[in-house]
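Visitor: Below you'll find the structure I mean.
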Amino acid sequence: MEKVFHFDSPPEPYIADAAVLCCFDQRIRQATNKFLQRRGILRPDMIVIAGGAKTLASPRNDFERDFILEQVRMSIHLHRTTRMFLMSHSDCATYGGLAAFGGDTQHEAIHHRGELERAAELVKANFPELVVDCFFVTFDGIHAAKGEMEKKIV
Ligand SMILES: [Zn+2]
């Protein structure tokens with residue numbers, strides 16, 4: 001094949017610092033990346049998919065949920081992952097955006113906390129050895145929803 005781009009990547013095998021399930025929404029990507037770095041998650045196994053933790057909390061179908069669980073299983077198996085970050089975000093289109101909550105960010109955050117807790121329970125039921133943390137991303141930072149004291153982090 002013709003080389004069309006040069007970039008040196010580390011070829012060594014790695015142990016993942018965490019498996020991270022988050023939405024593919026581009027608006028939250030930079031905050032998510034910076035947050036992971038701040039948390040020392042330098043080698044995440046990123047599972048980036050529409051809705052993020054929604055795929056476990058309120059999957060559209062069994063296939064969606066099972067596919068994500070299989071990705072987690074592979075992260076554990078291939079990269080000896082011992083913790084997981086579950087993430088969802090404000091104005092996520094898979095929930096109908098902020099409009100689905102009447103524009104009420106507080107109402108939306110409460111709903112997402114419940115979603116994240118349900119996703120965490122499913123992960124814990126399937127992978128009891130994993131440490132699971134849940135985070136809700138808004139347009140001004142990232143909020144711990146479970147696994148830590150509830151506080152504004154960024
Ligand atoms: Zn989204």
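The values are calculated or read from the model by the stated rules, or taken from the named source; none is laboratory data. All values reported here derive from a predicted model rather than from experimental measurement. Positions of Cβ are generated from backbone atoms using ideal geometry, with glycine treated the same way; all protein chains shown enter the neighbour counts. Ligands, DNA and RNA are stripped out before the accessible areas are found, and what is left, the full protein with its side chains, is counted by its heavy atoms. Shrake-Rupley method; radii C 1.70, N 1.55, O 1.52, S 1.80 Å.
Visitor: Take the residues in region 9-34 that are out of contact with any His (no Cβ under 7 Å at 6 or more places or on another chain) and in a loop (DSSP other than H, G, I, E, B); name whichever of them is nearest to Glu115 (Cα to Cα). Write out each step before concluding.
Guide: Within region 9-34, the first condition is being out of contact with any His (no Cβ under 7 Å at 6 or more places or on another chain), and the residues that meet it are 9-13, 17-22, 24, 26-27, 29-34.
Right, trim to in a loop (DSSP other than H, G, I, E, B) and you get 9-13, 17, 24.
Details: Ser9: 36, Pro10: 36, Pro11: 37, Glu12: 36, Pro13: 34, Asp17: 24, Phe24: 17 Å.
If we take residues in region 9-34 being out of contact with any His (no Cβ under 7 Å at 6 or more places or on another chain) and in a loop (DSSP other than H, G, I, E, B), then Phe24 is nearest to Glu115 (Cα to Cα).
Visitor: If you check every pair at least six apart or on different chains, which have Cβ atoms under 6 Å apart with a residue in region 43-59 that is farther than 11 Å from Met87 by Cα first and a residue that is among the aromatic types (Phe, Trp, Tyr) and crowded, with 22+ Cβ neighbours inside 10 Å second?
Guide: Every condition considered, no pair remains.
Visitor: With the requirement that a residue be open to solvent by 70 Å² or more (accessible area, probe 1.4 Å) and within 22 Å of Arg29 (Cβ to Cβ), what does region 63-75 give you?
Guide: Filtering region 63-75 for residues open to solvent by 70 Å² or more (accessible area, probe 1.4 Å) gives 63, 66-67, 70, 73-74.
The one that is open to solvent by 70 Å² or more (accessible area, probe 1.4 Å) and within 22 Å of Arg29 (Cβ to Cβ): Phe67.
Visitor: Output the qualifying pairs, or none if there are none: Cβ atoms under 8 angstrom, residues six or more apart or on different chains, first residue in region 88-113 and within 15 Å of Ala57 (Cα to Cα) and open to solvent by 40 Å² or more (accessible area, probe 1.4 Å), second residue among the aliphatic types (A, V, I, L, M) and within 9 Å of the ligand (Cβ to nearest atom).
Guide: Cβ pairs passing all conditions: Thr94/Ala50.
Visitor: Out of region 65-106, which residues are within 15 Å of the chain's Cα centre (by Cα) and farther than 18 Å from Pro44 by Cβ?
Guide: Within region 65-106, Arg65, Phe67, Ser90, Cys92, Thr94 meet the criteria.
Visitor: Okay, next question. Go through region 36-53 residue by residue and tally those that are more than 16 Å from the ligand (Cβ to nearest atom) and part of a loop (DSSP other than H, G, I, E, B). Even if it seems obvious, please write down each step before you answer.
Guide: Within region 36-53, the subset more than 16 Å from the ligand (Cβ to nearest atom) is 36-45.
Filter again for part of a loop (DSSP other than H, G, I, E, B), leaving 39-43.
Summing the residues that are more than 16 Å from the ligand (Cβ to nearest atom) and part of a loop (DSSP other than H, G, I, E, B) in region 36-53 gives 5.
Visitor: Give Arg118, Arg80, Arg60 a once-over and let me know the one that is more than 16 Å from the ligand (Cβ to nearest atom), open to solvent by 50 Å² or more (accessible area, probe 1.4 Å), on the phi < 0 side of the Ramachandran plot and of a type in the set (D, E, K, R).
Guide: Details: Arg80 fails: on the phi < 0 side of the Ramachandran plot; Arg60 fails: more than 16 Å from the ligand (Cβ to nearest atom).
Matching residue, one of Arg118, Arg80, Arg60: Arg118.
Visitor: Restricting to region 100-112, what's the tally of residues that are part of a helix (DSSP H, G or I) and either more than 16 Å from the ligand (Cβ to nearest atom) or within 19 Å of Asp140 (Cβ to Cβ) (or both)?
Guide: Taking region 100-112 first, the residues part of a helix (DSSP H, G or I) are 100-101, 105-112.
So of that shortlist, the ones also either more than 16 Å from the ligand (Cβ to nearest atom) or within 19 Å of Asp140 (Cβ to Cβ) (or both) come out as 101, 105-112.
Qualifying residue count for the region: 9.
Visitor: Being at pLDDT below 95 and within 16 Å of the chain's Cα centre (by Cα) narrows it down to one of Ala109, Ala145, so name that one.
Guide: Working: Ala109 fails: at pLDDT below 95.
Going through Ala109, Ala145 in turn, just one is at pLDDT below 95 and within 16 Å of the chain's Cα centre (by Cα): Ala145.
Visitor: Same structure again: Within region 1-24, work out how many residues are open to solvent by less than 30 Å² (accessible area, probe 1.4 Å) and either farther than 22 Å from His77 by Cα or modelled with pLDDT under 95 (or both). Walk me through how you get there before you give the answer.
Guide: Residues of region 1-24 that are open to solvent by less than 30 Å² (accessible area, probe 1.4 Å), as a first pass: 16, 18-23.
Now narrow it down to the ones that are either farther than 22 Å from His77 by Cα or modelled with pLDDT under 95 (or both): 23.
Within region 1-24, residues that are open to solvent by less than 30 Å² (accessible area, probe 1.4 Å) and either farther than 22 Å from His77 by Cα or modelled with pLDDT under 95 (or both) number 1.
Visitor: Also, I was wondering about something else. Would you pick out the residues in region 46-57 that are open to solvent by 20 Å² or more (accessible area, probe 1.4 Å) and touching a helix residue (DSSP H, G or I) at 6+ places or on another chain (Cβ under 7 Å)? So that I can check it myself, show each step before the final result.
Guide: At the first step, the residues of region 46-57 found to be open to solvent by 20 Å² or more (accessible area, probe 1.4 Å) are 46, 48-50, 54.
Of everything in region 46-57, those that are open to solvent by 20 Å² or more (accessible area, probe 1.4 Å) and touching a helix residue (DSSP H, G or I) at 6+ places or on another chain (Cβ under 7 Å) turn out to be Ile49, Ala50, Lys54.
Visitor: Then there's this: If Phe85 meets every condition in (1) more than 13 Å from the ligand (Cβ to nearest atom); (2) in contact with a strand residue (DSSP E or B) (Cβ under 8 Å, 6 or more places away or on another chain); (3) in a helix (DSSP H, G or I) apart from one, which number is that one?
Guide: (3)
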